[in-house]
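Before any comments, here is the structure.
The values are calculated or read from the model by the stated rules, or taken from the named source; none is laboratory data. These numbers were taken from a predicted model, which means no experiment stands behind them. Positions of Cβ are backbone-derived with ideal geometry, glycine not excepted, and every protein chain shown enters the neighbour counts.
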Amino acid sequence: MKRSVKERNILDKFCNKFCNIIEKYTTYIIVSGFVAISSGRARGTEDIDMIIPKIDKELFLKIHKDLIKNEFVCTQTDNPESIYDDYLKDNSSVRYVLKDKPLPEMEIKFAKDELDTYQLKTRIKLPLTGLDIWFSSINMNISFKEELLKSDKDLEDARYLRIVYPELINEKEINKIKYMIKKLRLS
């Protein structure tokens, strides 16, 4: 069920363009709803969530400059120093959109703990999506949706991922991740 380039939607194109820039400088993962959506689940979203490792300000400024050159803008502020110091460094996310287009948004945040670091280490490309981008693992997505997020939409995403990727499901790994979530995010 590989999608062709002709079938690319706005989210796919936006995500590809953004990820291609980020990948020149650092590792990243796409997490949460877009994993299910890009895998064929029919539901809407206006944003894509990305986690990158904690990077220094100098590297962030290079990334930001490249994003601006490619017509992305940060919705919080035009000041790249402030984006880093007032948001990313303090574990807050920032959002980028294409110039003059309020949607879709890419929400970026730094890895904040060993769970996010583990997500980055276990990242995966998912051929079913037809996208050449890095996602957090299916086991990681299911774990977060079932253990931490738990909204109806998230639980439906988890069920969908279990159906679409049975060969990637590892219950022992899911339980390990759920334990990490309880320890690091729910205690």
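Only residues that are within 19 Å of the chain's Cα centre (by Cα) and under 19 Å from Leu126 (Cβ atoms): list them for region 165-187, please. Within region 165-187, Tyr165, Leu168, Ile174, Ile177 meet the criteria. Of the numbered criteria (1) at pLDDT 95 or above; (2) β-branched (Val, Ile, Thr); (3) closer than 30 Å to Tyr165 by Cα, the one Ile10 fails is (1).
Scanning region 38-52 for residues that are more than 12 Å from the chain's Cα centre (by Cα) and either surrounded by 15 or more Cβ atoms within 10 Å (Cβ to Cβ) or not charged (D, E, K, R) (or both) gives Ser39, Gly40, Arg41, Ala42, Gly44, Thr45. For region 166-186, filtering for residues that are free of Cβ contacts under 8 Å to residues at least 12 places away in the same chain and over 15 Å from Gln119 (Cα atoms) leaves 5.
Can you confirm whether region 101-117 contains a residue that is in a helix (DSSP H, G or I) and within 14 Å of Ser39 (Cα to Cα)? No. The criterion of at least 2 residues that are of a type in the set (Gly, Ala, Ser) is met, among helices (runs of 4 or more DSSP H) falling completely within region 1-93, by 33-38. Screening Ile133 with (1) under 17 Å from the mean Cα position of the chain (by Cα); (2) among the β-branched types (Val, Ile, Thr); (3) part of a helix (DSSP H, G or I); (4) farther than 25 Å from Asn175 by Cα gives one miss only, at (3).
Entry remark, region 125-148: residues being within 21 Å of Ile51 (Cα to Cα), surrounded by fewer than 17 Cβ atoms within 10 Å (Cβ to Cβ) and among the hydrophobic types (A, V, I, L, M, F, W, C) number 1 in total.
Any residue at all in region 22-33 that is surrounded by 13 or more Cβ atoms within 10 Å (Cβ to Cβ) and on the phi > 0 side of the Ramachandran plot?
Let us first name the residues in region 22-33 that are surrounded by 13 or more Cβ atoms within 10 Å (Cβ to Cβ), namely 22-23, 25-33.
So of that shortlist, the ones also on the phi > 0 side of the Ramachandran plot come out as 32.
For region 22-33, residues surrounded by 13 or more Cβ atoms within 10 Å (Cβ to Cβ) and on the phi > 0 side of the Ramachandran plot: present.
Residue-wise test of (1) among the β-branched types (Val, Ile, Thr); (2) at pLDDT 95 or above; (3) surrounded by 17 or more Cβ atoms within 10 Å (Cβ to Cβ).
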{"site": "His64", "(1), (2), (3)": "no, yes, yes"}
{"site": "Asn70", "(1), (2), (3)": "no, yes, no"}
{"site": "Glu81", "(1), (2), (3)": "no, yes, no"}
{"site": "Lys99", "(1), (2), (3)": "no, yes, no"}
{"site": "Thr117", "(1), (2), (3)": "yes, yes, no"}
